[in-house]
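The values are calculated or read from the model by the stated rules, or taken from the named source; none is laboratory data. Note that the coordinates shown come from a computational prediction; the quantities given were computed from them, not determined experimentally. As a convention, Cβ positions derive from the backbone with ideal geometry for all residues, glycine included, and neighbour counts pool all protein chains shown. Side chains included, ligands, DNA and RNA excluded: accessible areas come from the protein's heavy atoms. Shrake-Rupley method; radii C 1.70, N 1.55, O 1.52, S 1.80 Å.
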Amino acid sequence: MDDENNDIRRTNLGVQGMTCAACSTRVERALLKVDGVREANVNLATEKATVSFGGSVGLEQLKEAITRAGYGVREELSGGEEADAEREARERESRKLRRTVVVAAILTAPILLLEMVPMIIPGLGTRLHSLVPDRIFNYLFFLLATVVQFGPGLRFYRRGWPALREGSPDMNTLVMLGSSAAYGYSVVATFWPGLLPIGTAHVYYEAAATIITLILLGKYFEARAKGRTGDAIRRLLDLRPETALLVRGSETVEVPVDEVATGDMLAVRPGERIPVDGTVSEGSSYVDESMITGEPLPVRKGEGDQVVGGTMNKTGAFRFRATQVGSDTVLARIVRMVEEAQGSKVPIQQLADRVVAVFVPIVLAVAALTFAVWLLWGPQPALTLALVNAVAVLIIACPCAMGLATPTSIMVGTGKAAEMGALFRNGAALQTLQETGVIALDKTGTLTVGRPELTDLRPADDFDRSQLLSWMASVEQYSEHPLGEAIVRAARAQGLDSSAADRFEAVPGYGVEARVDGHLVQLGAARYMDGLGIGTQPFAEEAHLLAGDGKSPIFVAVDGKLAGVAAVSDPLQEASAEAVAELHRQGLRIVMVTGDDRTTALAIARRLGIDEVVAEVLPEGKVAAVEELQGRGAKVAFVGDGINDAPALARADVGIAIGTGTDIAIESADLILMAGDLRGIPNALALSRVTMTNIRQNLFWAFFYNVILIPVAAGVLYPFFGILLSPVLAAAAMGVSSVFVLTNALRLRTFRAPMGAPSGQVEVELKRAVA
């Protein structure tokens, strides 16, 4: 079984020709029928099929299944090439649709004008028909409508007939049947009127041609709107430079960026974009990484530092060694992650999929019933009215809007999130996040900086502060304890020199001592001083206050005399308090889960206003804490950055990794905050809620539209108000519904984060964020 699972492969295929939700469902079914295919997910908005398969299945079999279903297929390329190819394909399709619409409109206009204008202007019809016999008009209409029907309208036959033949009719089938019924009836009325009952030999060429023209026009507007949903990815791809300066000996040569290989030495001048990922070898500069991380301040880069392709070099010039190129760069990985999120389905879409699976067959049945009822019980001309109303039902019921309702919002929402520095791994996380009631936060590296710092130093009256700190650093330079490292860093930051120390000795759990400049210097906890017989009473109250503030007190003695008290703590992230306050405002309960002692945890919780503390837990205890919170009935999001957070990230309903954290934590997460700023959590949560509201609006509009207008098209209002829905108006309404859904989804691009863009001066390790 394990071997079988290990053999599972995954690929993305571009699917061409899908026009509605029934199309994507049909492609999914065709792929799932292939032996060895485990999962198939077809997204109408992105026009992609994500397929998981194993065994002896090859790409050709998958392509063949899609082709047999009546659709075109394009194998997805990697990285930027794939996105460029997709953009070109969309632009080609848009241009082709525009030409088709123009041809259809030019041919339809004379029919519509000659048929409809005389109805509007009294007497014009009589004069025209006295000059030109009706038969001549019908022949002209027949020629024009035939070209529209089997020219621009041929696309509906090519896709609609195979779908009908295989028992899975789609939008193309509905248009094909509706326009063909109107056209076919008109042909009979033109050439064999005697076959029809007396008084029913009317022509509906204008309806057949106009239906096709209006639906093609709607598809053109839809294609243009769909093209805008991928703007976030295109903006990311626009960050890629087309060329790079390759260093060859003493010369630099400009080459296409695609020719850069791992290990090449590249030069970057002020004001240029960095072409690929790498490590600085010579020189230094400040680099603006805001377009990828959301970090507003340029970050200093020097020898040994990592640089990211697509970011902007500001002031200096430097050389760097390429480490990742092509599809392996950070930018390419971000694009790939965003695309995967945009192409995935959310749970709410399952409802729409289930409805659409049975919707079109039901529509065909309703159209047949409408025809029969009007034919049997309708007023004269019954046959004509039966045909017109049945065609109106077929056209108005097209499920285009249903198919676009969810994926377009997911596309725009996840793209907007990426611009804000929040990467959703899948659409399901976007939906689940807005259902979250509890945010569980790790402390170290999440709420705090993750590195202890010396925060306080109070010397006794007989000691100089700088001298005391220098002696403390001289002792601690031999220690490997994190608290000791914090003291050494503080001394260096203040420009204090450390002296050589003799007779260094560490007592684990208590403290350290050494001789510095002829003095015995001892540092440690209160229990260490007690063991040495040195009283800590002069600083006892201050030490108690420091401990109550979540800091670790350290007593210092020189030559057996108490010399002062210091405190080391892991300082809070600058944004922690703001983020917690905003999450409270959004109605969430905040829980801190940490392995630290309870006193320190409670002190930090008080400062931040955290609701609940779970302290002194091991990694498996964090998982148990998440499960206990879930057991209370709420969905839980866990936020962490370390290796020991990975199990809890995986167990939570939504795992949120800080982008500056470890690879393992990030790989276990559903949402990655690239800038390492906790304010990204309320921002992402607000976007999640707005996106799901947008999806619900789209679904309501799509379902409401069909539920209300199908009965109107069937003629239920005729007995009461004499109202019938013309097939032409039905075609126009159908196109408007799809464009409305797309336009509503595009409103997400104007979303403003409640806490603004991430800020601060934390240098983001992007390579970890998308490894």
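Only residues that are open to solvent by less than 10 Å² (accessible area, probe 1.4 Å) and either part of a loop (DSSP other than H, G, I, E, B) or without any contact (Cβ under 8 Å) to a residue 24 or more places away in the chain (or both): list them for segment 47-70, please.
Gly54, Val57, Ala69
Yes or no, residue by residue, for (1) more than 13 Å from Ala567 (Cα to Cα); (2) of a type outside the set (S, T, N, Q); (3) in contact with a helix residue (DSSP H, G or I) (Cβ under 8 Å, 6 or more places away or on another chain); (4) touching a residue at least 12 places away in the same chain (Cβ under 8 Å):
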residue	(1), (2), (3), (4)
Thr436	yes, no, yes, yes
Asp461	yes, yes, no, no
Met472	no, yes, yes, yes
Ser479	yes, no, yes, yes
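Just give me the residues in segment 508-523 being assigned to a loop (DSSP other than H, G, I, E, B) and under 18 Å from Phe463 (Cβ atoms), in sequence order.
First pass over segment 508-523, keeping only residues assigned to a loop (DSSP other than H, G, I, E, B): 508-510, 517-518.
The answer is Asp517, Gly518.
Please work out which one of (1) surrounded by fewer than 20 Cβ atoms within 10 Å (Cβ to Cβ); (2) farther than 20 Å from Val449 by Cβ; (3) modelled with pLDDT under 80 is the condition Ile643 fails and give its number.
Result: Ile643 fails condition (2) only.
Filtering segment 190-231 down to residues that are at pLDDT 75 or above and polar (S, T, N, Q), which residue is surrounded by the fewest Cβ atoms within 10 Å (Cβ to Cβ)?
So the residue we want is Thr190.
Just to be sure I understand the filter: pairs with C-beta atoms under 6 Å, separated by 6 or more residues or on different chains, first member in segment 91-104 and hydroxyl-bearing (Ser, Thr, Tyr), second member outside any helix (DSSP H, G or I). Which pairs pass?
Thr100/Pro152
Looking at (1) part of a helix (DSSP H, G or I); (2) surrounded by 21 or more Cβ atoms within 10 Å (Cβ to Cβ); (3) at pLDDT below 70; (4) touching a helix residue (DSSP H, G or I) at 6+ places or on another chain (Cβ under 6 Å), which is the one condition that is false for Ala357?
Looking at each condition in turn, Ala357 falls short on (2).
Looking at (1) open to solvent by less than 10 Å² (accessible area, probe 1.4 Å); (2) of a type in the set (Ser, Thr, Tyr); (3) modelled with pLDDT under 80, find the lone condition where Ser179 falls short.
Only one criterion in (1) open to solvent by less than 10 Å² (accessible area, probe 1.4 Å); (2) of a type in the set (Ser, Thr, Tyr); (3) modelled with pLDDT under 80 is unmet by Ser179, namely (3).
Among (1) among the polar types (S, T, N, Q); (2) in contact with a helix residue (DSSP H, G or I) (Cβ under 6 Å, 6 or more places away or on another chain); (3) within 30 Å of Arg515 (Cα to Cα), there is one condition Asn426 misses while meeting the rest; what is its number?
Failed condition: (3).
Please state which one of Thr329, Thr315 is at pLDDT below 85, under 20 Å from Gly421 (Cα atoms) and touching a strand residue (DSSP E or B) at 6+ places or on another chain (Cβ under 9 Å). Don't jump to the end; show me each part of the working.
Numbers: Thr315 fails: under 20 Å from Gly421 (Cα atoms).
Thr329 is the lone residue from the list that is at pLDDT below 85, under 20 Å from Gly421 (Cα atoms) and touching a strand residue (DSSP E or B) at 6+ places or on another chain (Cβ under 9 Å).
Yes or no: Glu75 over 24 Å from Thr406 (Cβ atoms), among the acidic types (Asp, Glu), open to solvent by 20 Å² or more (accessible area, probe 1.4 Å) and at pLDDT 85 or above?
Numbers: over 24 Å from Thr406 (Cβ atoms): yes; among the acidic types (Asp, Glu): yes; open to solvent by 20 Å² or more (accessible area, probe 1.4 Å): yes; at pLDDT 85 or above: no.
When the stated conditions are applied, Glu75 does not pass them.
Just to be sure, is Ser409 in contact with a Leu (Cβ under 7 Å, 6 or more places away or on another chain) and more than 30 Å from His584 (Cα to Cα)? Give the derivation first.
Values: in contact with a Leu (Cβ under 7 Å, 6 or more places away or on another chain): yes; more than 30 Å from His584 (Cα to Cα): no.
The answer is no for Ser409.
What's the number of the condition Ala341 fails, among (1) at pLDDT 70 or above; (2) crowded, with 19+ Cβ neighbours inside 10 Å; (3) under 20 Å from the mean Cα position of the chain (by Cα)?
Exception for Ala341: condition (1).
Only one of these is on the phi > 0 side of the Ramachandran plot, at pLDDT below 90 and not acidic (Asp, Glu): Gly294, Gly283, Gly263. Name it. If you could, list the steps in order and put the result at the bottom.
Values: Gly283 fails: at pLDDT below 90; Gly263 fails: at pLDDT below 90.
Exactly one residue qualifies, and that residue is Gly294.
Six or more apart or on different chains, Cβ under 9 Å: which pairs go from a residue in segment 232-251 that's open to solvent by 20 Å² or more (accessible area, probe 1.4 Å) to one that's hydroxyl-bearing (Ser, Thr, Tyr) and at pLDDT below 85? Could you list them?
Once the first residue is open to solvent by 20 Å² or more (accessible area, probe 1.4 Å) and sits in segment 232-251, its partners that are hydroxyl-bearing (Ser, Thr, Tyr) and at pLDDT below 85 give Arg240/Thr329.
Within segment 12-63, can you find the residues that are over 23 Å from Ser409 (Cβ atoms) and basic (Lys, Arg)?
Hits for segment 12-63 are Arg29, Lys33, Arg38, Lys63.
Looking at Ala684, Ala753, Ala745, Ala702, which one is open to solvent by 10 Å² or more (accessible area, probe 1.4 Å) and either within 20 Å of Phe221 (Cβ to Cβ) or out of contact with any Phe, Trp or Tyr (no Cβ under 6 Å at 6 or more places or on another chain) (or both)?
Details: Ala684 fails: open to solvent by 10 Å² or more (accessible area, probe 1.4 Å); Ala745 fails: open to solvent by 10 Å² or more (accessible area, probe 1.4 Å); Ala702 fails: open to solvent by 10 Å² or more (accessible area, probe 1.4 Å).
Among Ala684, Ala753, Ala745, Ala702, only Ala753 is open to solvent by 10 Å² or more (accessible area, probe 1.4 Å) and either within 20 Å of Phe221 (Cβ to Cβ) or out of contact with any Phe, Trp or Tyr (no Cβ under 6 Å at 6 or more places or on another chain) (or both).
Taking segment 270-287 on its own, how many of its residues are assigned to a loop (DSSP other than H, G, I, E, B) and closer than 14 Å to Lys301 by Cβ?
Going through segment 270-287, the residues assigned to a loop (DSSP other than H, G, I, E, B) turn out to be 270-272, 274-276, 284.
In the following step, the residues that additionally are closer than 14 Å to Lys301 by Cβ were identified as 270, 272, 274, 284.
Counting residues in segment 270-287 that are assigned to a loop (DSSP other than H, G, I, E, B) and closer than 14 Å to Lys301 by Cβ gives 4.
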